[in-house]
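Below is one structure, written out as C-alpha cells, with a few remarks after it.
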Amino acid sequence: MNLNIVNIEFDYSKCEQLGLCASSVTDILVLNALKYRKFKNSKVYTHGNAPKTKEAFDIFFISGLPNHLGIINYQNKNVKKLDIIKNEPQDKMSEKIIEYYNECLLTQRYSLSPEGKNIFGIMIGEVLDNAKNHGGKLSTYYAAGHFNIEDGCEHGKCRLVLFNFGDSIYESLNSEDTTEYTKKQLKEKIKEQTSFFNRKWNEEPLSTLYSLQYNVSSKRKSQHDNRGKGTIKLINSFMQIGQNNEGKKPKMAIISGRCHILFDTTYNLKEEIIDGKKVPIIAFNEENDLSKAPDTNYVKKIEEYFPGTMISIEFYLDRKYIESQMEANK
C-alpha cells in the first residue's frame, strides 16, 4: 500500500521446502496488492527467483506465484492441482474439493464410492461452514490443492489447504454470538488449566484445542446439540489413510490467531470414558487428558498473528498402504 515502492523481489534461492499454505497466502496477498495498485494507477513490478529442490519448484511454478501472475504456464504430468477457489457456495466448493481428491485417488487405481463422497462432503461442508459462519462479517474463505508423484515412485503426496481471513477460532469463541452453554464449558476448562499457563500455553491455544473436540461449537446450545464434528473428523480420516508403505507419516497443522496445532500421528484421537460415555478426545499429552497441559511441541502460542484460520494437510496416497489398511480392518 506504500505507493513509493515500485519493486518487490521474492528470493526463493534458499527455499528447500514450500508449504502450499504459505504459497497460497503469499499469492493472495500479492494479487490483492497488484489489484490495489492498479486501482490507484500506481505501477509495481515483481521480480524473483525459484526454489531449487524439485518438490518446492513444482509447487512454486504449477500452483504458486508465477502461475497466478500468468508469467509461466509450467506443466508436469505427475502433478494434479486444485487452483485457489474463493467464497463459492458451500456445495459447489465441496464438490470441487471432492473431485480433486478423487482425481488424486485415481492415480492409485481407487476412487470414492457414492457413500465415500457423501461422508467426505459432509466433513468438508462443515469445515467450510465454520469458516463462513465463525470468521466474522468480513470473512473470506479459500481452498487449494497440489498433488505430485515423484519420478520413480508409484505413490503420491497430496496437499490440501482450507483457510479463511477473518476472526480466529479464539475470537469466534469469545464473540457475542457464542452460546452461553459453550461459554460456560470453556470457562470451566480455563479454570482447570490456569495453573499450567506459561509463555507457550495460555487461554488462546487452550480455547483453540478445546474447539477441536467432538461436539464443541460456538453455536452449540446444549449437550444434546450435535454440532462440532467436521474438522476433527476430517483430520482424523486423513491421519488414518495418509501414511505410505515406506513409513512416511502425514502432517497436518491448524494455525489460528496466535495458536499453532500440529498433527503428525504422535498423538491421536482416542475414545475416553467421560461421565459413563465413550467420547473421542485428542489432548496432545500422554494421558490424553484435557484437564492437563498438552505437549507444547504440538499445541502452542506463537508470536505471529494469523488473521483467521488455516487447516493445512499433507498426506500420502499409496495403493499398497491403502490395501494393507483395508486388509487389517476386515
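Side notes on the structure shown:
- The P(r) of the stretch 32-187 has a tail past 23 Å containing 54 percent of all C-alpha pairs.
- Probing with 1.4 Å while keeping every protein chain in the model, the per residue accessible area of the stretch 57-154 equals 52 Å².
- Per residue Cα convex hull volume in Å³ - calculated over the stretch 1-108: 118
- Two-site label geometry, Ile71 and Ile85: point separation in nm, points 7 Å out along Cα→Cβ: 2.8
- Solvent-accessible area of the chain (1.4 angstrom probe, protein heavy atoms only): carbon and sulfur portion equals 49 percent.
- Linear extension gain, Met1 paired with Lys251, 0.36 nm per residue minus alpha-carbon span: 86.5 nm
- Taking trypsin sites (Lys or Arg not before Pro) across the stretch 179-219, the ones in a DSSP loop with at most 10 further Cβ atoms lying within 10 angstrom of their Cβ are Arg199.
- Average silhouette area of the stretch 65-108, convex hull of alpha-carbon atoms, in square nanometres: 3.8
- With a simple spin-label model that places each label point 7 Å from the Cα along the Cα-to-Cβ direction, the separation between Asp11 and Glu327 comes to 5.1 nm.
- Translational diffusion coefficient of the chain (Stokes-Einstein, Kirkwood radius from Cα pairs, 20 °C, 1.002 mPa s): 101 µm²/s.
- Shown here for the stretch 1-89: GluC sites (Glu not before Pro) in loop regions (DSSP other than H, G, I, E, B) with at most 14 other Cβ atoms within 10 Å, namely Glu16.
- Based on the Kirkwood approach, the hydrodynamic radius assigned to the stretch 42-94 is 13.1 Å, with every pair of different Cα atoms included.
- Residue-count net charge about Lys77 - beta-carbon cut-off 15 Å; Lys, Arg +1, Asp, Glu -1: -2
- Each principal axis of the Cα cloud of the stretch 132-207 was evaluated for its coordinate range; sorted largest first, these ranges are 54, 33, 22 Å.
- Listed by chain and number, the lysines whose C-alpha is less than 27 Å from the C-alpha of Lys52, apart from same-chain residues fewer than 8 away, are Lys14, Lys77, Lys80, Lys81, Lys157, Lys248, Lys249, Lys251.
- Our summary of shape: the Cα atoms of the stretch 1-63 have principal axis extents of 38, 19, 15 Å, ordered from largest down, in whole angstrom.
- For the pair Ile274 and Ser113, a Förster radius of 35 Å applied to the C-beta separation gives a FRET efficiency near 0.55, rounded to the nearest 0.05.
The values are calculated or read from the model by the stated rules, or taken from the named source; none is laboratory data. Keep in mind that this is a model prediction, so the values were computed, not measured. So basically every Cβ, Gly included, is an ideal-geometry build from the backbone, and we count neighbours across all protein chains shown. Surface areas here come from the heavy atoms of the whole protein model, side chains and all, with no ligands, DNA or RNA. Shrake-Rupley method; radii C 1.70, N 1.55, O 1.52, S 1.80 Å.
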